[in-house]
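Let me begin by presenting the structure, written as structure tokens, before commenting on it.
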Amino acid sequence: MRHPVGSAVERETLARLGILDAICGADQGFASENPATGKVLAHVRRATGADFQAALDAARAAFPRWRDVPAPRRGAMVRALGEALRRHKDALGTLIALETGKIKAEGDGEVQEMIDIADFAVGLSRQLYGRTMASERLRHRMYEQWLPLGPVGVITAFNFPAAVWAWNALIAAVCGDSVVWKPSPKAPLTALAVHRLACAAAQQHDADGIFGLLLADGQETGRAMVADARLPLISFTGSSAVGRDVAQAVAGRFGRCLLECSGNNAVIVDETADLDLALRAILFGAVGTAGQRCTTTRRLLLQETVYDEFVARLVAAYGEVCVGDPLLASTLMGPLIDEAARSAFVAAVAEAEACGGQVLYGGRLLAGPGWFVRPTLVAAENHWPVVQRETFAPILYVMRWRDFGTALALNNAVPQGLSSALFSRDLRRAEAFLAAAGSDCGIANLNLGTSGAEIGGAFGGEKDSGGGREAGSDAWRAYMRRQTVTINWGADLPLAQGIEFLPRSES
Ligand code: UN1
């Protein structure tokens with residue numbers, strides 16, 4: 001059952017996070033809405049062109065000071081922010097739920113993801129390692145070092161309004177960079193709350209000005225950031241269509257891009273799989289966050305021998321999903337983000353049906369208020385345009401296969417290449433899935449779902465998913481510039497490749 005949240009909870013949450021004073025009148029800014037009620041949560045002030053210049057100037061001014069701070073001390077600032085996030089986890093998790101419609105458990109999980117990346121970044125602050133190479137020349141030494149890059153522009157989406165900033169900003173911070181953040185206009189309050197905590201930590205650690213924030217609801221600010229050579233790196237999360245424009249614009253000025261774009265992630269299930277595990281993973285992957293993760297499971301590829309049984313179990317499980325108020329503990333799925341998302345859901349279901357798709361479950365809206373839909377299963381074919389596209393909604397397209405080669409081919413036969421998963425107990429199939437000719441995605445999971453990655457791995461995808469890698473592993477390198485250093489400590493000048501280059505008199 002749905003119980004729209006009351007404004008008392010909203011006010012109290014904003015107060016707990018200390019951002020009530022940042023709220024402005026309706027005529028002074030743009031609205032953040034609660035998708036569970038369809039009502040305005042609050043208005044926030046819109047950044048002007050002057051604010052943009054001021055934010056860039058501040059980030060530029062902060063950078064030379066910050067890059068001189070030893071990296072482990074930069075880590076201490078991030079540790080303080082991680083501690084503040086721990087203290088505010090409940091309130092921030094609630095605000096994320098209020099503003100994005102994701103359920104409270106997932107809102108809290110998103111804050112935990114920030115805490116995790118903070119811990120990771122603190123450790124990293126003592127591990128920004130370069131390599132030493134063996135020089136071919138006598139009495140020469142070679143090594144590479146990683147140096148701070150400059151102010152980083154971070155553009156984030158509504159669906160992870162806090163964690164994706166943290167992936168970027170906390171790694172960038174230990175790397176010695178300042179950060180200018182443009183969050184989604186659909187989640188400005190979360191950004192305000194996070195930014196407030198970040199600035200407090202920065203202030204306590206002589207890092208004033210390293211975290212900038214620009215709240216804006218048009219395309220102008222994002223475009224200005226992308227075009228501005230003062231931001232040597234742009235990290236962008238959003239659709240492949242916008243990501244393509246960002247990539248071209250940033251390449252045109254020889255900037256660097258980190259792109260986290262659309263996914264169209266498949267789960268393959270074969271007849272040897274633990275079907276109980278597969279069912280739970282697919283439910284979380286397809287229904288979690290109301291299908292609005294870039295890692296959401298959008299395609300289910302079932303071996304034909306288990307198709308009927310598994311679909312029947314899935315339909316039954318979908319019937320048990322409680323759709324409603326994101327703050328209620330019993331709710332598994334909240335609303336879509338806005339009316340446009342709900343229209344896209346309706347259009348996608350209609351398009352699939354027009355192609356001959358059979359709705360196995362859901363396919364319908366739930367009556368207002370709020371942008372609620374039913375989680376949806378559609379028997380479909382992979383080549384239909386609607387299946388080839390990412391629709392940010394809980395629609396799972398179900399398909400069947402006979403031989404495993406076909407399953408692998410279907411997994412890869414979409415423009416996107418973010419996440420993928422196989423449920424199987426067959427060693428040969430598992431290895432084939434993970435081999436070079438297997439999944440072409442940036443993420444390949446065996447016996448777990450496509451979403452819910454840990455921060456310790458590098459996160460990102462191939463093809464139209466953009467090619468970026470963020471968060472763990474060596475993703476930090478994107479936020480630094482590499483310098484190759486060669487030192488001659490001898491009294492001679494040998495040239496590489498054995499070249500002799502001497503005036504005639506000396507030879
Ligand atoms: C996103 O949807 O943009 O792996 C990020 C996951 C989360 C991050 C998703 N850790 O689903």
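The values are calculated or read from the model by the stated rules, or taken from the named source; none is laboratory data. Please read these numbers as outputs of a predicted model, since none were measured by experiment. Every residue, glycine among them, receives a Cβ derived from its backbone with ideal geometry; neighbour counts consider all protein chains shown. With ligands, DNA and RNA removed, areas are computed over all heavy atoms of the protein, side chains included. Shrake-Rupley method; radii C 1.70, N 1.55, O 1.52, S 1.80 Å.
So the values come out like this:
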quantity	calculated
Long-range neighbours under 6 Å by Cβ, at least six apart or interchain, first residue within 20 Å of Arg73 (Cα to Cα) within the range 188-205, second surrounded by 23 or more Cβ atoms within 10 Å (Cβ to Cβ)	Ala198/Leu81; Ala198/Phe211; Cys199/Phe211; Ala201/Met77; Ala201/Leu81; Ala202/Ile210; Ala202/Phe211; His205/Met77
Any chance Arg429 is under 30 Å from Gly176 (Cα atoms) and either in contact with a helix residue (DSSP H, G or I) (Cβ under 7 Å, 6 or more places away or on another chain) or in the same structural domain as Leu170 (by TED's automatic domain parsing) (or both)	no
Residue check for Val485: touching a helix residue (DSSP H, G or I) at 6+ places or on another chain (Cβ under 9 Å), at negative phi and away from the ligand (no atom under 14 Å from the Cβ)	no
Scope the range 238-261; condition under 21 Å from Ile395 (Cβ atoms) and open to solvent by 10 Å² or more (accessible area, probe 1.4 Å); matching residues	Gly238, Ser239, Ser240, Ala241
Residue tally, condition more than 30 Å from Asn265 (Cβ to Cβ), among the aromatic types (Phe, Trp, Tyr) and open to solvent by less than 40 Å² (accessible area, probe 1.4 Å), over the range 457-507	0
Out of Leu366, Leu427, Leu434, sole residue that is open to solvent by 20 Å² or more (accessible area, probe 1.4 Å) and farther than 24 Å from Asp274 by Cα	Leu366
Yes/no for Asp116 being out of contact with any helix residue (DSSP H, G or I) (no Cβ under 8 Å at 6 or more places or on another chain), open to solvent by 20 Å² or more (accessible area, probe 1.4 Å) and within 16 Å of the ligand (Cβ to nearest atom)	yes
Residue list for the range 392-407, restricted to those being open to solvent by 20 Å² or more (accessible area, probe 1.4 Å) and not acidic (Asp, Glu)	Phe392, Arg400, Arg402, Phe404, Gly405, Thr406
Listing of strands (runs of 3 or more DSSP E) fully contained in the range 263-377 that carry 3 or more residues being out of contact with any Leu (no Cβ under 7 Å at 6 or more places or on another chain)	297-303
Matching residues in the range 222-250 - criterion: being out of contact with any helix residue (DSSP H, G or I) (no Cβ under 6 Å at 6 or more places or on another chain) and either closer than 26 Å to Asn412 by Cβ or of a type in the set (Ser, Thr, Tyr) (or both)	Gly238, Ser239, Ser240, Ala241, Val242, Gly243, Arg244, Asp245, Ala247, Gln248
Whichever residue in the range 252-262 is within 15 Å of the ligand (Cβ to nearest atom) and not in a strand (DSSP E or B) and, among such residues, is nearest to Ala475 (Cα to Cα)	Cys261
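Okay, residues lined up against (1) touching a Lys or Arg at 6+ places or on another chain (Cβ under 7 Å); (2) hydrophobic (A, V, I, L, M, F, W, C); (3) open to solvent by 10 Å² or more (accessible area, probe 1.4 Å); (4) more than 27 Å from Arg293 (Cα to Cα):
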site	(1), (2), (3), (4)
Ser135	yes, no, yes, yes
Pro161	no, no, no, no
Ile171	no, yes, no, no
Lys182	no, no, yes, no
Leu189	no, yes, no, no
His205	no, no, yes, yes
Phe211	no, yes, yes, no
Gly218	no, no, yes, no
